[in-house]
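Notes for the one structure printed next.
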Amino acid sequence: MADKKSKEIKKNSKEIILRSAKVLFAMHGFELTTVREIAGKAGINVAMVYYYFNTKEELHQNIIDDAFKSFYQSLKEGVGQGKGPEEKIYDVIKVYITFLHHDKDLHRIILRETVSQSKHIDMIVKKYISRNFDLVHSIIKEGVQKGTFREHDSTLSTFSLIGMILYYFTYEPIFIRLISPKKREKPITEFLPEHIFNLFMEGVKG
């Protein structure tokens, strides 16, 4: 019983460290966040952080790895098998918006890494972002091959689709101040997927 309780405490401590670090990395970026700040936010001592993670780099890697694994799994499960390209595109948009709506810190971390051209960006693109990109790209290419979508540069349209989604999360503080009060009352997950889907379809169907 004591061993089980000890394991639960250790698991909870590790999760608290990960959550605290994620918030701080999203707010300040990797370079400007210190282990002492992470420990302070988690309500533990610095030694406890190093008990679970050898370096700040390892902690950062764990956060990104966990988030993108969950993101990719959501895409794999959310894009219905046996559906046509149009339906799959809608599923992709829905999953992206729903996931980022509930994990805004991931988007902020990646945005900071991108803007600062950090040392992590190559690894993040090759190991994580490219996998999501390839999945979306394959659906668009399938649509072209089946004649559902017109012939066009499918790589650029993949960038455009993902870019439309990410735009709203990048500029959310501005976006929510510009849209009507009526729309502001609704969660973004209710009205944005259909809007982006219709806009994208206008372009690729021709």
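The values are calculated or read from the model by the stated rules, or taken from the named source; none is laboratory data. Please read these numbers as outputs of a predicted model, since none were measured by experiment. Quick reminder, even Gly has a Cβ in these numbers, built from the backbone with ideal geometry, and neighbours come from all protein chains shown.
Does THR155 satisfy being polar (S, T, N, Q) and either closer than 24 Å to MET27 by Cβ or at pLDDT below 95 (or both)? For THR155, the condition - polar (S, T, N, Q) and either closer than 24 Å to MET27 by Cβ or at pLDDT below 95 (or both) - is not met.
Conditions tested, residue by residue: (1) among the polar types (S, T, N, Q); (2) within 17 Å of ALA26 (Cβ to Cβ); (3) under 17 Å from the mean Cα position of the chain (by Cα).
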| residue | (1), (2), (3) |
| --- | --- |
| ASP103 | no, yes, yes |
| ASP122 | no, no, yes |
| LYS127 | no, no, yes |
| SER130 | yes, no, yes |
| LEU135 | no, no, yes |
| GLU142 | no, no, no |
| GLN145 | yes, no, no |
| PHE149 | no, no, no |
| GLY163 | no, no, yes |
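Just one of (1) touching a residue at least 40 places away in the same chain (Cβ under 8 Å); (2) surrounded by fewer than 17 Cβ atoms within 10 Å (Cβ to Cβ); (3) farther than 17 Å from ASN198 by Cα fails for ARG150. It is (3). Of all residues in region 14-47, those satisfying the criterion of being exposed (fewer than 13 other Cβ atoms within 10 Å of the Cβ) and not in a loop (DSSP other than H, G, I, E, B) are GLU15, ARG36, ALA47.
Each row is one residue, and each column tells you yes or no for (1) loosely packed, with under 15 Cβ neighbours inside 10 Å; (2) of a type in the set (A, V, I, L, M, F, W, C).
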site: HIS107; (1), (2): no, no
site: LEU111; (1), (2): no, yes
site: MET123; (1), (2): yes, yes
site: ILE140; (1), (2): no, yes
site: GLY143; (1), (2): no, no
site: PRO173; (1), (2): yes, no
site: ASN198; (1), (2): yes, no
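From GLU31, GLU77, GLU86, grab the single residue that is in contact (Cβ under 8 Å) with a residue 12 or more places away in the chain, assigned by TED's automatic domain parsing to the domain that holds GLN145 and either in contact with a Phe, Trp or Tyr (Cβ under 6 Å, 6 or more places away or on another chain) or under 30 Å from ILE162 (Cα atoms) (or both). It would help to see each step written out before you state the result.
Numbers: GLU31 fails: assigned by TED's automatic domain parsing to the domain that holds GLN145; GLU77 fails: in contact (Cβ under 8 Å) with a residue 12 or more places away in the chain.
Result: GLU86 is the single residue among GLU31, GLU77, GLU86 that is in contact (Cβ under 8 Å) with a residue 12 or more places away in the chain, assigned by TED's automatic domain parsing to the domain that holds GLN145 and either in contact with a Phe, Trp or Tyr (Cβ under 6 Å, 6 or more places away or on another chain) or under 30 Å from ILE162 (Cα atoms) (or both).
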